[in-house]
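The values are calculated or read from the model by the stated rules, or taken from the named source; none is laboratory data. Predicted, not measured: the structure shown is a model, and the values here were computed from it. Don't worry about glycine lacking a Cβ; one is built from the backbone with ideal geometry, like all the others, and counts go over all protein chains shown.
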């Protein structure tokens, strides 16, 4: 079971591969580490000949989603996933209901209602908090990437 959501998009370009990659290079601050920095560029990351790994340059929340993509023959694919530091942070947050369950069961004993509440909290954190946050921010990042690359069509796989 995958606790952290991912998305995969395919797109087709209006321009040639070289022009699109060059446009992406102009709008990307070159950095090996995918960490938020104050910059006037749209993205932060690494761009090679026909592949890229970037984050949005939005301060604070831009580093949440990593866009890992490849462009070939005026078509491309981009995988979007949660950046590793955020995965570690959310893993710790997902442990809170389990820690509370252990603490309560050690002092008062375990009951079905407490177990149910723990599972409900875990599901709420995963689906409402992480899932909704990922949905909104990945949509923003894909729209920004589509604008920079000048795509004809972009679709979720």
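General observations
- Members of segment 13-64 that are assigned to a strand (DSSP E or B), free of Cβ contacts under 8 Å to residues at least 24 places away in the same chain and farther than 23 Å from residue 134 by Cβ: 30
- For the condition in contact with a helix residue (DSSP H, G or I) (Cβ under 8 Å, 6 or more places away or on another chain), farther than 30 Å from residue 120 by Cβ and in contact (Cβ under 8 Å) with a residue 24 or more places away in the chain, residue 98 does not qualify.
- Taken as a whole, the condition of being buried (at least 16 other Cβ atoms within 10 Å of the Cβ) and farther than 23 Å from residue 153 by Cβ does not apply to residue 91.
- Tally, over segment 31-66, of residues that are in contact with a helix residue (DSSP H, G or I) (Cβ under 9 Å, 6 or more places away or on another chain) and surrounded by fewer than 14 Cβ atoms within 10 Å (Cβ to Cβ): 3
- Residue match in segment 86-93 (condition: more than 17 Å from residue 39 (Cβ to Cβ), touching a residue at least 24 places away in the same chain (Cβ under 8 Å) and in contact with a strand residue (DSSP E or B) (Cβ under 8 Å, 6 or more places away or on another chain)): yes
For every residue, the table says whether it meets (1) more than 30 Å from residue 23 (Cα to Cα); (2) modelled with pLDDT of 90 or more; (3) under 14 Å from the mean Cα position of the chain (by Cα).
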{"residue": "104", "(1), (2), (3)": "yes, no, no"}
{"residue": "108", "(1), (2), (3)": "yes, no, no"}
{"residue": "125", "(1), (2), (3)": "yes, yes, no"}
{"residue": "136", "(1), (2), (3)": "no, yes, yes"}
{"residue": "146", "(1), (2), (3)": "no, yes, no"}
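- Considering the conditions (1) in contact with a helix residue (DSSP H, G or I) (Cβ under 8 Å, 6 or more places away or on another chain); (2) loosely packed, with under 14 Cβ neighbours inside 10 Å; (3) under 30 Å from residue 34 (Cβ atoms), residue 122 is excluded by exactly one of them, (2).
- Considering segment 59-87, the residues that are more than 11 Å from the chain's Cα centre (by Cα) and modelled with pLDDT under 90 include one that is farthest from residue 151 (Cα to Cα), namely 60.
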